[in-house]
Structures are given as C-alpha cells and as structure tokens.
Amino acid sequence: MNIFNFDEQQIPLDEWIQTFVDWLVANYRDIFQIIKAPIEWSLNGLEWLFATLPPWVVILLFAVAAWRFAGKRVTLFTLLTFLLIGYLGLWEDTMTTLSMVICSVVFCAVAGIPLGIMAGRSDRFEMILRPFLDAMQTTPAFVYLVPVVMLFSIGTVSGILATIVFALPPIIRLTSLGIRQVHPELVEAALAFGATNWQVLRKVQFPLAMPSIMAGLNQTIMMALSMVVIAALIGAGGLGNPVVQGLNTLEIGMATVGGLAIVLLAMVLDRITQGIGKK
Amino acid sequence: MDVTPKIAIKNLFKIFGPQPKKARTLLEQGLSKEEIFELTETTIGVQNASFEIYAGEIFVIMGLSGSGKSTIVRMLNRLIEPTSGQVFVDNEEITSMNRGQLVQMRRKKMSMVFQSFALMPHMSVLQNAAFGLEMDGIDRKTREERALKALEQVGLEAWAESMPAELSGGMQQRVGLARGLATDPEVLLMDEAFSALDPLIRTEMQDELLRLQARQKRTIVFISHDLDEAMRIGDRIAIMEGGRVVQVGTPEEILQNPADDYVRAFFRGVDPTNILTAGDIALDSQVTIVIADGKSPRAALQRLIKNDRDYGYVVDSERHFKGIVSTDSLREVIERPEVDQTIPNAYLPGAKPAFSGDYMQDILPQVASHPWPLAILDDDGKYLGAISKNLFLRTLHRSEQVENGTLEGPATK
Ligand SMILES: Nc1ncnc2c1ncn2[C@@H]1O[C@H](COP(=O)(O)OP(=O)(O)OP(=O)(O)O)[C@@H](O)[C@H]1O
Ligand SMILES: [Mg+2]
C-alpha cells in the first residue's frame, strides 16, 4: 500500500468537526446561552448609559480624559472627532460601537491580565498558552463566526464574543512580557526581605509591569475596534453597519463615512490610553 | 569572641543543572568541576562547605569569579535551595524551615545588600528603606519612622522623598544599606555590596560600614573579590575556589600560612608590612631579666653571658616592660661606685618599645636604627617579645616567596 496516495486516503477532519459542532449545538446550546448572560447584561447597561447620556456629556467626559492624560492637542482632536461624528449622523452607531468595544475590552482585561500574570510567572503555563494565543490571532474570524452564531445566535453578543477571541491575546502577551521584564534581582531582593509570592507580585512585579500592561490594553482596544465590521456581519450594530450596508448596496460614500468614523474613534482611544500608560 | 557560632554551615552542597546525582557521584570519584560540566552539563556551585561565623564579626568570603561566593551566601537565607547540607542560625536549622518560618526569619533576622543595589525603581527612597518593614505588615507610620532613622544612619534623611534614579551610585547603595538596617537584623548579608562603586566611594562606604559596626555590632557576611577590601574590613576571611572553601582564618593567619598555592596567589602583590602587626611576628626568645627580686647588674650580666646574648629585656614581676640592657652597659655600671650599681642605670638610652598593634611598616625605622631587637608590648605595657632585624627580614622574605609563586595571580580589581 502506498502511504503517499493522498487521493485515496484522506483524513475526514472537516466531517469530524462538523459532527462535533452539530453535537454541541444539539445538546449544549442552553449552556452556551447561559454563558451569554453576563456579557448581555454588561452590554445592555453600557448601551443604555451611552444612549441616555446627552451627547455633550459624553463629549465632555472624553475631552476631560484626553486633557488629563494626553494633553491639549489630543483634547482638541477628540472634540473635533466627536463633533464630526455627530454632524455625519453617526452618533448612535458610534455609541453602540463604544459600548461594544468597552464591554469586550473589560472582559479581555478581566480574563487577560490574570492569565498574563500566570504566564509571566510560569514558563510551563506560557508554553501551553502560546499556541492558543497564536490560533486566536491568526484564525480568520470567518472560520469561527459560524459556530459562534450557531451556539450564541445572531446579534451583538456574538459580535462581542468574536471580538474577545480576537482581542484577548495582546493583553495576555504584554502582561506576561511586562512581568518577565522585571529585573530578577528586584524579585530576589523582595524575597530576601521576606516578601511572600503574593507580595512580590503586588508590590514589585505588577507595578513594574504596568506600562507594558497598559500597552497591551491599548492593543486590545485597537483590535476590538478592528473587529467592528466583522461583528456587523453577524448582526452586531454600530459603526460596522453603514460599512457593511454600503458594501452590499455599493454605496461607496456611506461605507467610507462609516470607515472614517471607525478610524477617528480608534485614534482618539489610542491616544488617550497611551497617555494613561505613560502616567 | 562568642563560643557558640551565630551561623554554622555543615557540608553544604549546591549543584546546578540537569544531573545533580550523577555530578555528585563523579565528584566523589575525584573528577574536577570542569570535567563534570563536560560530562553532565551540571555545575558544581558549592561543594562540601563547612564553617562557622561568630556573633558580631565581619566575615568576608573571597574568591575568584564563579567560585561560588554568591551561591553560598544565598543558601544562608535560602534564596538558593541547598542540594544538601545544613545551615544553622542561632542553632536553629534554616534548611529545615517551612515557607512561613523562612519568611519570618528573613523579615526579622537576616537582611541583604546587593551588588546591583536592587532598589525598587517605582518607590521613593523612604519607601525603599521601609521595604522590609512593609513586607512584615508594620503600619505605615511606624515603618516610615524606622526607615527614616535608618536613612539618618547613612546620612540620607534629606533624600527620603527622592526616587532612587535621582541618586548617585554611592547614594543608592546607602539606601540599599539603610533598607538592610531598617529591620534591625542580627545578620547582614552583603554580596559584593561595594564592588560597583568607584574606588574612592568604595573606601568611604567601607568606613561607613565599620562606623556602623562600631556603634551596633551585627554579624556581617561580606562577599568580596577585592583583597584590600577583605583585609580592611574583615575580622576573618574564608577563601573559596571552584566551590570549595580552601581556608578560613584571620587575615594575618592566612597571610602567614596560606593553605595552598591558590591562596598564596591571592596574596601576591600584597604588601605584608601593611597587614602584619608587631604582635603577629614578635618572638619571646630574648632573655628577660626580672628586676623585682633585687637582681644586681652582676647577676644580670651572668645571665646574658650564660645565654650567649648581648641584650636583656628588663621587666617587673608582672612583666611590665622597664628597659633594655646590654652586656656593655652592664659592665660599665659594674665599674661605678657601689650606690650606682643598679640595673636601671644600665638601661640603653633610646631603647623605646613598640606596641603589638603597630604595623610592620610603622616599626621598620625603629628596627633598622638600633642594633638591639625591638621590644614589643601589649596594650597594658606588658612585654610580649621582640623583633630583630633578622626576624623582620625573614618575614618579608617569606611573603616575597608568595609573590614570586608560579601560580597566575587572581585579578584583584
Ligand atoms: N542558576 C544557576 N544555574 C546554573 N549555574 C549556576 C547558577 N548560579 C550559579 N551558577 C554557577 O555556579 C558557580 C558559582 O557561581 P556564583 O555566582 O556563586 O559565583 P561567584 O563566586 O559569586 O562569582 P562572581 O564573583 O562572578 O559573582 C558558577 O560556575 C556559576 O556559573
Ligand atoms: Mg557573585
């Protein structure tokens, strides 16, 4: 038998996966619907907040943050961006996108920072984690969109889940890197003065890794924003909508305006969070 | 010095790498550290080290780079876990402590100063000095008071609110020292604490350490690869080579009786007259004449002639030094009228004694300028012995042999 006869002998991996996902959906869909709940609540809360706050309050909040952390020029840029978004008629979509981005980033931080700390302190854990992170960052979103929709139904929550999958790795990686960059002598000194492992983490490693963790958070925000359009494909609202609609109906102007708003919003969030990281 | 040791280490081993058991067996078969590394990629960090450190002394561990100094000092507080062997502090076995006991021991009893300072860059000078107390859960007010006191001891109280990066190297290490002192430990471990400082600052820091030590005696384990430093501050020195402790003793003992060529090579280029004192080399081989029992110059002369000596060292019944007489001066006194025939009249003018703590360098002019051996007294003025030109030269000659030894000398930076 010729083991290189690829035409006759094939591994039916695709079928297995198909079967597995079908089986999951058939038997465990309810459980996945429960997992959905915390995300749904957080998102609804945020959306309600941004919908209720009058635009001038939102603009003021962002302007103050920009002023506080990033200086005059960023403040001016922030003001102009939000005014432009308002005049382009994209205010509501922008608020939806902001809620989604904030929601996914919060979940990424809550899961990612502890995972990053563990990876930073244990070579073995880092080794196990790394292929998963690689897969999360490189698997085309379209591949997991379908199973996500099958398990969690169409809508904003599925959009957020897909976003989390994609945006989680940088904060884990950069938290781990930050912990690893702390000089071993400092850890040794802390131990020599009777620090427990927890004290080493809290008093030495974590504060010194903070700039790196903030850089990770910034990356995670950027990546979350880059998922806005893809999330719109599975029914999440927000700024991805005009882009997707524009593409579907060949209304180039509409698509471009949506894209412009995403880019401007990304720049505002990037400058402000970078400013926080430097403080 | 205390009889019970403050710190005792017994048969301590540290073997780094993948095959510690095999390395141990090979070591017992007599293979060298290098051969073992070739065979097993396993490094012998410390092998079979045993010694004792007494309370209140500055114990210096010396050796070339890679000889295991840092490893041995880190096994004292178990920053490095020994492969085998025991460490005792105050008769408590450190090596059998559990995590919690160990943490308590590090907080209360033993602190450390590092070559690279290892100050926390995100904390102020005051917070750094208070670090050990903070780990111990002492409230902010108390710990900052104590930290400030420690900073005062090293003269840095004015810099309490600065960040470490704003300070010079010497000042940073003062903060490191203050951090070590703030917890008021009985034992201070210093791993090449002054090696990163330039020579002038280094000497200044050594003086600072000696000053602090004079005020409050702690047991200090000081790592150094600088012989001058070791001689300057060490009460006793241990010399390490390739993970072994080859010799332990006072600087004088080691200088006079180096255990092997390695130790000898270490002392190459050291000027012994700076290190050896009169007390180290004086010999009690001269004739002493006790004045109290009313000995006459005649009897004294008899004694000198009988012992075939030209000079006699006159002491009282408690061995307090009185003067030196010679056969010539005694004969001259015997010629005099009866009343003047006393031993004090025969004292050689200019025969001043020296003291046991004087360095060889300091007594050289006196040894050289008189024909008689120089009398050496202890601090109470009692006669210890004498140093002849011959003896002085012999001592120099012996250390010259050390200097001309065939071994490549260690780099003393
Ligand atoms: N973590 C480690 N893993 C493997 N080998 C080590 C480790 N730490 C030390 N060694 C080896 O153990 C030996 C002793 O090292 P140590 O650091 O104690 O030397 P040292 O006398 O302090 O030298 P230096 O003057 O350079 O500081 C060296 O051969 C070193 O390479
Ligand atoms: Mg070292």
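Only the coordinates and a few stated rules stand behind these numbers; no lab work does. Just so it is clear, the model here is predicted, and its values are computed rather than measured. With ideal geometry, Cβ positions are generated from the backbone for all residues, glycine too; neighbour counts draw on all protein chains shown.
Taking 4 °C and 1.567 mPa s as the conditions, I'd like the Stokes-Einstein D for segment B:1-146 in µm²/s, using the Kirkwood hydrodynamic radius from alpha carbon pairs. Kindly include the intermediate steps, with their values, before the conclusion.
On the way: Rh = 17.5 Å.
After rounding, the answer is 74 µm²/s.
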(request) Mind putting together the pair-distance distribution for segment A:73-205? All Cα pairs, 10 Å bins, whole percent per bin, short to long. (result) 11, 27, 26, 21, 12, 2, 0
(request) For segment A:6-11, take each phi angle, set θ = phi - 60°, evaluate the Karplus expression 6.51 cos²θ - 1.76 cosθ + 1.60, and give the result in whole Hz per residue in order, putting x for glycine and proline. (result) 6, 6, 8, 10, 9, 8
(request) Taking 7 Å along the Cα-to-C-beta vector as the label spot, tell me the B:R309-B:N98 distance in nanometres, rounded to one decimal. (result) 6.8 nm
(request) Report the calculated FRET efficiency for A:Q137 and A:Q9 (r = Cβ-Cβ distance, R0 = 45 Å), to the nearest 0.05. (result) 0.90
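Note the full-extension length gain between B:E204 and B:Q302 as 0.36 nm times their separation in residues minus their Cα-Cα distance, in nm to one decimal. Please list the in-between numbers first.
Details: separation 98, 0.36 × 98 = 35.28 nm, distance 5.63 nm.
Roughly 29.7 nm would be gained on extension.
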(message) What whole-number volume per residue, in cubic angstrom, does the convex hull of the C-alpha atoms of segment A:225-279 give?
(response) 61 Å³
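Please give me, ordered by residue number, the trypsin sites (Lys or Arg not before Pro) of segment B:174-265 that lie in loop per DSSP and have at most 14 other Cβ atoms within 10 Å. Don't skip to the answer; put the middle values down first.
On the way: sites: B:R174, B:R179, B:R202, B:R211, B:R215, B:K217, B:R218, B:R232, B:R236, B:R244, B:R264; in loops: B:K217, B:R218.
Loop-located and lightly packed - B:K217.
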(request) Using the Kyte-Doolittle scale, find the helices of chain A whose mean hydropathy is at least 0.5 and whose Cα atoms extend 27 Å or more along the helix's long axis, counting only whole DSSP H runs. (result) A:91-121, A:156-181, A:206-226, A:252-278
(request) Please label the shape of segment B:97-233 as rounded, prolate or oblate, based on the square roots a ≥ b ≥ c of the eigenvalues of the alpha-carbon gyration tensor (a/c under 1.5 means rounded; beyond that, a/b larger than b/c means prolate, else oblate). (result) oblate
(request) Nearest 5 is fine: what % of DSSP beta bridges in the protein assembly as shown come out antiparallel, could you say? (result) 55 percent
(message) I'd like the distance separating the alpha-carbon centroids of segment B:248-277 and segment B:110-129, in whole Å.
(response) 35 Å
(message) Need one value for B:114-122: mean number of C-beta atoms belonging to other chains within 10 Å of its residues' C-beta atoms.
(response) 5
(message) I'd like the per residue volume of the convex hull spanned by the Cα atoms of chain B, given in cubic angstrom.
(response) 188 Å³
(request) Kindly provide the pair-distance distribution of segment A:167-216 built from C-alpha pairs, with 10 Å bins from 0 and whole-percent values in order of increasing distance. (result) 29, 47, 20, 3
(message) Quick check: Cα centre of segment A:79-103 to Cα centre of segment A:17-67, how many Å?
(response) 17 Å
(request) Among B:S317, B:T327, B:I289, pick out the residue whose Cα is farthest towards the positive end of the charge dipole of segment B:279-394, where Lys and Arg carry +1 and Asp and Glu carry -1 on C-beta, about the Cα centre. (result) B:T327
(request) Using label points projected 7 Å from each Cα along Cα→Cβ, tell me how many nm separate B:D380 and B:Q86, to one decimal. (result) 3.9 nm
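Please sort B:190-197, A:240-247 by packing, taking for each peptide the average over its residues of neighbouring beta carbons within 10 angstrom, highest first. Mind dumping the intermediate values first?
Numbers: B:190-197: 21.5, A:240-247: 19.9.
Those peptides, ordered most packed to least, come out B:190-197, A:240-247.
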(request) Report, as an integer, the average count of C-beta atoms from other chains found within 10 Å of each Cβ along A:181-191. (result) 5
(message) Please list, short to long, the whole-number percent of alpha-carbon pairs of chain A in consecutive 10 angstrom bins beginning at zero.
(response) 6, 23, 29, 23, 13, 5, 1, 0
(request) With springs connecting C-alpha atoms under 10 Å apart, model chain A as a Gaussian network and identify which of A:S122, A:S104, A:S42 has the largest mean-square fluctuation. (result) A:S122
(request) Based on the mean of other Cβ atoms within 10 Å per residue, sort peptides B:376-382, B:114-120, B:278-284 so the most packed one is first. (result) B:114-120, B:278-284, B:376-382
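Semi-axes of the equivalent ellipsoid for the protein assembly as shown, please: Cα gyration tensor eigenvalues, times 5, square-rooted, ordered largest first, whole Å.
Numbers: eigenvalues 1306, 175, 76 Å².
Semi-axes from the Cα gyration tensor: 81, 30, 19 Å.
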(request) May I ask for the distance between the Cα centers of segment A:125-187 and segment B:154-220, given as a whole number of Å? (result) 46 Å
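In chain A, which longest range has no chymotrypsin sites (Phe, Trp or Tyr not before Pro) that are both DSSP loop (not H, G, I, E or B) and surrounded by at most 15 other Cβ atoms within 10 Å?
Working: sites that count: A:F4, A:F6.
Value returned for the longest uninterrupted segment is A:7-279.
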(message) With +1 on the Cβ of every Lys and Arg and -1 on the Cβ of every Asp and Glu, and nothing else charged, how large is the dipole of segment B:279-394 about its Cα centre, in debye rounded to the nearest 20?
(response) 360 debye
(request) Please give the direction-averaged projected area of the C-alpha convex hull for segment A:3-91, in square nanometres with one decimal. (result) 12.8 nm²
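Round to the nearest 0.05 the FRET efficiency obtained for A:W67 and B:H122 when R0 = 22 Å and r is the Cβ-Cβ distance.
On the way: r = 25 Å, r/R0 = 1.15.
Plugging the Cβ-Cβ distance into 1/(1 + (r/R0)^6) gives 0.30.
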(request) Kindly state, to the nearest 0.05, the FRET efficiency for B:T25 paired with B:N274, given R0 = 45 Å and r defined as their beta-carbon distance. (result) 0.50
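According to the Cα gyration tensor, what semi-axes, each the square root of 5 times an eigenvalue, does the equivalent ellipsoid of segment B:279-394 have, listed from largest to smallest in whole Å? Intermediate results must be reported in sequence, preceding the final value.
Values: eigenvalues 123, 42, 29 Å².
Semi-axes, largest first: 25, 15, 12 Å.
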